[in-house]
1. Would you confirm whether or not the stretch 177-197 contains a residue that is on the phi > 0 side of the Ramachandran plot, surrounded by fewer than 15 Cβ atoms within 10 Å (Cβ to Cβ), touching a strand residue (DSSP E or B) at 6+ places or on another chain (Cβ under 9 Å) and not hydrophobic (A, V, I, L, M, F, W, C)?
2. Which condition does TRP174 not pass, out of (1) over 30 Å from ILE152 (Cα atoms); (2) in a strand (DSSP E or B), if it passes all the others?
3. I'd like to know if the stretch 185-193 contains one or more residues that are modelled with pLDDT of 95 or more, closer than 22 Å to GLU240 by Cα and in contact with a His (Cβ under 7 Å, 6 or more places away or on another chain).
4. In this structure, does TYR73 turn out to be over 17 Å from HIS166 (Cβ atoms), more than 13 Å from the chain's Cα centre (by Cα), among the aromatic types (Phe, Trp, Tyr) and exposed (fewer than 14 other Cβ atoms within 10 Å of the Cβ)?
5. Could you list, in sequence order, all residues of the stretch 199-233 that are buried (at least 16 other Cβ atoms within 10 Å of the Cβ) and without any contact (Cβ under 8 Å) to a residue 12 or more places away in the chain?
6. Search the stretch 48-58 for residues being at pLDDT 90 or above and surrounded by fewer than 19 Cβ atoms within 10 Å (Cβ to Cβ), and hand back the single one that is nearest to ASP99 (Cα to Cα).
7. Please state which of the following conditions ALA151 fails to meet, knowing it meets all the rest: (1) modelled with pLDDT of 95 or more; (2) farther than 30 Å from TRP210 by Cβ; (3) surrounded by 15 or more Cβ atoms within 10 Å (Cβ to Cβ).
8. List every residue pair whose Cβ atoms lie under 6 Å apart, where the two residues are 6 or more positions apart in sequence or sit on different chains, the first residue falls within the stretch 113-139 and is closer than 25 Å to LEU64 by Cβ, and the second residue, located anywhere, is acidic (Asp, Glu) and surrounded by 18 or more Cβ atoms within 10 Å (Cβ to Cβ).
Amino acid sequence: MGVNMAAKWFSGWVFLWLLLCAAVAQGAPSQRGFLDFNLYPYLSDASSDSVATLNVGAQLPQRLSLFMFINFYNAPAEEELTETTTFYSEQTLKWQISDGSPFDLTVQSNLRSGEDNDRLRFGARWRFHDTPVIGELFKAIHLSYSINFHAIQIDERDESVWQMEHAFRMGFPWLSERLYLGGFIDHTFNETLPEAIPANPMVAEAQLGWRLVEDLYLVAEYRLNQYRRSDVNNLALGLEYKILW
C-alpha cells in the first residue's frame, strides 16, 4: 500500500470513528469533544493563506483521543481550469500509555492538495501540564502545553524527516473568563529544501480569542510560515463558532 493510499485510509477511518463517537456522545456523559469553525475575512499580507478552518477533537474509549483539522486556502489560478481553493489537513490519534500518565503514543496522517505529498507520522507526546510536580506550575498560570515528537515520517521523500510539534493554550481568569491564547509551533528537521527556505523551518500560529456571546468568538491570529519565500508573517482576523459535547 502506497503512502498516499495509507494516509487516506487512515484519515477516512478516524473520520468515521469520530462520527460514531459524536453519535453516541449523548448516551455517554464521560465522552467529551468539540467542533469549531473559523472564518478569516481579513489577511494582512499573504492573501493565499488559510481563510477557513474546521477543528474537531474527541475523547474516545480505552484512553484514546483524536484531534483533526482542515485548512482551506486561497490559491490564485495561473491558467484556465486551475483550482482556486487548496487544503491541508491533519488527523492525529493519541493513546495514553496508562491511566494518569502524561505520555501518549501518536499516529498522524497529513493530507493536502497536490500529488505524492501525503504522509504518515509516528511518535510520542508529552503533556507537561499533566506531569507530576511541574504540572502544578502550569495549572497555577492556567497554561496547558505539550510536545509531540513525530520521530518517524513515512512519505515519498528520501531523507528521514522528523518534527517537534508544540501545542499550547492559556486562560486569563484574572482578566476575563472570555479571553484565551492558544496555538502551535511545528519545527521540522532533516528536510532537503531550496536555499531560499531556512534549514529546519517552522510553521506557527498564535490565536487570541475573545468570547462575544455564547459560543461565538472574535479571533486574531499571528501566523509564521518559513516555507513561504516571501510574506513569512501574516495576521488573520475573523470569527470562531464552537460546539461542545
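The values are calculated or read from the model by the stated rules, or taken from the named source; none is laboratory data. These numbers come from a predicted model, not from an experiment. In this analysis, Cβ positions are derived from the backbone assuming ideal geometry, glycine residues included, and neighbour counts consider all displayed protein chains.
1. Within the stretch 177-197, one or more residues are on the phi > 0 side of the Ramachandran plot, surrounded by fewer than 15 Cβ atoms within 10 Å (Cβ to Cβ), touching a strand residue (DSSP E or B) at 6+ places or on another chain (Cβ under 9 Å) and not hydrophobic (A, V, I, L, M, F, W, C).
2. (2)
3. yes
4. Criteria not met by TYR73.
5. VAL232
6. GLY57
7. Here ALA151 meets the rest and fails (3).
8. ARG125/ASP104
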